[in-house]
1. Taking only protein heavy atoms and a 1.4 Å probe, what accessible area per residue, in Å², does the chain have with all protein chains in place?
2. Quick one: putting +1 on the C-beta of Lys and Arg, -1 on the C-beta of Asp and Glu, what dipole do you get for segment 95-243 around its Cα centre, in Debye to the nearest 20?
3. What full-extension length gain, to one decimal in nm, is calculated for Ala41 and Thr268 as 0.36 nm per residue of separation minus the Cα-Cα distance?
4. Test of understanding: extend the Cα→C-beta vector of Glu259 to 7 Å, then name every residue of segment 97-124 with backbone N under 12 Å from that spot.
5. In degrees, nearest 10, range 0 to 90: what is the angle between the Cα axis of helix 303-312 and the longest Cα principal axis of the chain?
6. Pull up the DSSP beta bridges for the chain and report the antiparallel fraction as a percent, rounded to 5.
7. Could you pull out the trypsin sites (Lys or Arg not before Pro) across segment 203-307 that fall in loop regions by DSSP (anything but H, G, I, E, B) with no more than 11 other Cβ atoms inside 10 Å?
8. Note down the relative contact order for segment 58-176 as a percent, whole number, built from C-alpha pairs under 8 angstrom at least six residues apart.
Amino acid sequence: MTSLDDHGGSTPGSTGAAGTSGAAGTSGTTGTTTGTVPAGAAEAAVAASRPGRVRPRRLRATAAMRRSVSQTRLHPAELVLPLFVKEGLAEPQPIASMPGVVQHTRDSLRRAVVEAAAAGVGGVNLFGVPLARDAVGSGATDPDGILNVALADVRAEVGDALVIQADLCLDEFTDHGHCGVLTADGVVDNDATLVRYAEMALAQADAGAHMVAPSGMMDGQVGVIRDVLDSAGRTDVAVLAYAAKYASVLYGPFRDAVESTLDGDRRTYQMDPGNRREALHEVALDIAEGADVVMVKPAGAYLDVLADVAAASTVPVAAYQVSGEYAMVEAAAAQGWLDRRRAITESVLGIRRAGADQVLTYWAVELAHWLREEWR
């Protein structure tokens, strides 16, 4: 007689529709399968699992349904566009290792920020590329230096329509390419560098920056910058701290963009890529010193760090999708190995999902246009 389990299937070793023990596909002595699935076994297994009770796929059935339950969304206001402006250019200069990105002239920079504002992008982050450099980065604090005049140009062009962020670092302005002043034996002098950073902060505030972004990873940089701005009555200028900036290989194309003169590396001040807990220590220090926003850089390869920081931070968290991340996607897409639009969107979505409130990305304007298309 056939013995049935609770779901109506035959129990192992029993007789049933497939025949007695020893029928095709089973062993006559053990009742185990030898290679052929008994008729109806797959259907019986599905019935036994009862998938109809909980079906997550119901919430993925249509685009409208997927949108209605999406846990992470992208918005143009969360995006910040990094921009490079070079002194003395007559025409925008393409950057070979970053297809689609250019060194701007002052005029093309004005057009670029107007486009960014029209697209609804949240802000721009400016980097200057000077013609002359020296040991202390004099061009960084010169009111007529390329970064400061570019900040003034942008503020005059778009006013408060965008958050105008200024990279506060000496590496683009020094002849040795380091982020600070060097001692006689070639070591970056932390405290002497802080003096220069304080001077840069005042120059950038005077030029029109809404937010200064110290990226040099000097100890105490946020506190010194906050104090000098407050003492000068510039309590209105915010500080975006590059709090967890790693010594990453992914900055390579960026160094082409700023025509870096660096010989060596920055491992004595940027973080070791193997360190995760240290990021929380750095972030806590910067918040205590007065940072308004903290940043993790790079973004894509450090999503674990970003998630940690986002969970612990009491201030907004930014993440920088750096030049190497950009270049890899563009190279793969050019070969036809990736769907470019989907790869860009997914990569930024992943950064937001990990906890970033603000994403610096070279695709900011293009992505903003795509997002607006999807809303129509």
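1. On the way: 17980 Å² over 376 residues.
Ligands and nucleic acids excluded, the result is 48 Å² per residue.
2. 420 debye
3. Values: separation 227, 0.36 × 227 = 81.72 nm, distance 6.39 nm.
Going from the current span to full extension adds 75.3 nm.
4. Label zone hits: 103-104.
5. 80 degrees
6. Values: 6 of 40 bridges.
So the antiparallel bridges amount to about 15 percent of the total.
7. Values: sites: Arg226, Arg234, Lys245, Arg255, Arg266, Arg267, Arg276, Arg277; in loops: Arg234, Arg266, Arg267, Arg276.
Of the trypsin sites (Lys or Arg not before Pro), the ones in loops of segment 203-307 whose Cβ has at most 11 other Cβ atoms within 10 Å are Arg267.
8. On the way: 189 pairs, mean separation 31.5, N = 119.
Worked out over segment 58-176, it gives 26 percent.
The values are calculated or read from the model by the stated rules, or taken from the named source; none is laboratory data. Remember, it's a predicted structure, so these values are computed and weren't measured experimentally. Glycine gets a Cβ as well: all are built from the backbone with ideal geometry, and neighbour counts include every protein chain shown. For the accessible areas, the whole protein counts, side chains as well, though only heavy atoms, and no ligand, DNA or RNA atoms are used. Shrake-Rupley method; radii C 1.70, N 1.55, O 1.52, S 1.80 Å.
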